[in-house]
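Below is one structure, written out as structure tokens; comments come after it.
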Amino acid sequence: MTNNTTASGRWLEILGALAPSLEPALRKPGAHVPCPVHGGVDGFRLFRDCNVTGGGICNTCGAFATGLALLQWVNGWSRQEAAREVAAHLGGSRIFQPASRPARRSMPPRNTQAKRIWETASPLTSSAAVPARLYLARRGLSGIRLDGIHSLRAHPRLPYHEDGAVLGFFPAIVALVTGASGKPVALHRTYLTDDGRKAPVASPKKVLKWTDSAVLSSGSVRLFRPGAILALTEGLETALAVRLGTGLPVWCALNAGNLRSFQPPPEVARVLVFGDRDRPTPQHPLGHGQEAGQELVTRLWKEGIKAGLMIPASPIPPREKSLDWADILTERGPAAFPIKTGSTLKSEGGGR
């Protein structure tokens, strides 16, 4: 067996040998590339110190601080399998072939786990959902009607996993993520404390694929029944804020990659994208959220669907990485949101 310290300084070599699907990311550590698990455009990157730590992050699946954790995720290995493989590589021989994955076949199918979590969760109006309602109230969303949101549920005691180990049990908000066909592709989980705060864990928000073959790209949480107009956001809390601020039916894409590839249902003739204002980065000089929203709007117009992009006009607060419409709701209230008056939309942000 081995540990991360033993492999320090050799992780680029190790990952290249044991996880060929990481090859695009290994060519340029720190740069955004398609996720090796669910695809997309630029949702994954290795940390710049990857050769020392072996770590990387997916915008959808979360952060993997060590090389062992990254191998578990990308190859579907247990911690023991990943450690054994790394030890074998460092010793110059392979003792486990990922193509056969004998231990993986003995594990329960992923769709069993996701389906079980969803089926054992309760409506947000139930007594088991008190932490969830407290969390929404802390985010300024206590005015939202919860009885008609069937894609959100609350779980009273959900295990939190890190590096294959259960670190604790927490109440959670569980969101059903569906693909363009309307079939489930994942569960999005927000881990909480009993008093309605984010759980004190490394990744309080996580995504669990519905099946091993599920494609998460373009997935969304269908919060409200769409009409001719559909509002779309990245974050879940942002979507609920937009609902309070505009009254429009709204879905959330969960991340910029899904937002960029979103495909509205046939009955929708107009999509209003309530994008995040993100700080510029070398990979996204206009801001990731702004770029993803504009790409979606441009594509939808080409497909004959009217679309507009609404970005908060306020500056990003110091020491914050972004500003979204949930922040606008907290700071300025519903009056700062676009209001539908005939065919006119008035807003704090701009739109096409």
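Here is how the numbers come out for the structure above:
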quantity	calculated
Spacing of the two label points (7 Å from each Cα toward its C-beta) at Ala165 and Asp195, in nm	2.8 nm
Accessible surface of the chain [probe 1.4 Å, protein heavy atoms]: carbon and sulfur percent	54 percent
Label-reachable residues, segment 189-203, where backbone N falls under 19 Å from a point 7 Å from Ser142's Cα toward its Cβ	193-198
Segment 217-345 - charge dipole about Cα centre, Lys and Arg +1 at Cβ, Asp and Glu -1, debye rounded to 20	280 debye
Computed over the chain: relative contact order in percent, which uses C-alpha pairs under 8 Å that are six or more apart	11 percent
Under 16 Å from the Ser181 label point (7 Å along Cα→beta-carbon), backbone N, segment 207-222	210-220
Set Lys115/Lys205; Lys28/Lys198; Lys206/Lys321; Lys198/Lys321; Lys115/Lys206 screened for pairs whose C-alpha atoms are more than 25 Å apart	Lys28/Lys198
Cα shape, segment 179-280, gyration tensor, a/c 1.5 rule	oblate
Lys, Arg +1 and Asp, Glu -1 on Cβ, resulting dipole of segment 150-263 about Cα centre, debye, nearest 20	300 debye
Cα-centre dipole for the chain with unit charges at Cβ (Lys and Arg positive, Asp and Glu negative), debye to 20	480 debye
Charge sum, other residues only, whose C-beta stays under 9 Å from Gly293's C-beta, Lys/Arg counted +1 and Asp/Glu -1	-3
Rounded accessible area per residue of the chain, 1.4 Å, Å²	45 Å²
In Å², nearest 10: area of Ser151 left accessible to a 1.4 Å probe	10 Å²
Computed [θ] at 222 nm, deg cm²/dmol, the chain (DSSP H ≥ 4; -39,500 (n - 2.57); rounded to nearest 500)	-8500 deg cm²/dmol
Label point distance in nm, Glu331-Ala202, each placed 7 Å from Cα along Cα→Cβ	3.2 nm
Gaussian network model of the chain, Cα within-10 Å springs - most flexible of Leu309, Leu68, Leu286	Leu286
Rounded, prolate or oblate (a/c below 1.5 giving rounded, otherwise prolate when a/b exceeds b/c) for the chain by Cα gyration tensor	prolate
Cβ-derived FRET efficiency at R0 45 Å, Ala63 paired with Arg225, nearest 0.05	0.85
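The values are calculated or read from the model by the stated rules, or taken from the named source; none is laboratory data. Note that the structure is a prediction, hence the values are computed from the model and not measured. Heads up, the Cβs are rebuilt from the backbone with ideal geometry, glycines too, and the neighbour counts pull from every protein chain shown. Protein only, heavy atoms only, side chains kept; ligands, DNA and RNA dropped before computing areas. Shrake-Rupley method; radii C 1.70, N 1.55, O 1.52, S 1.80 Å.
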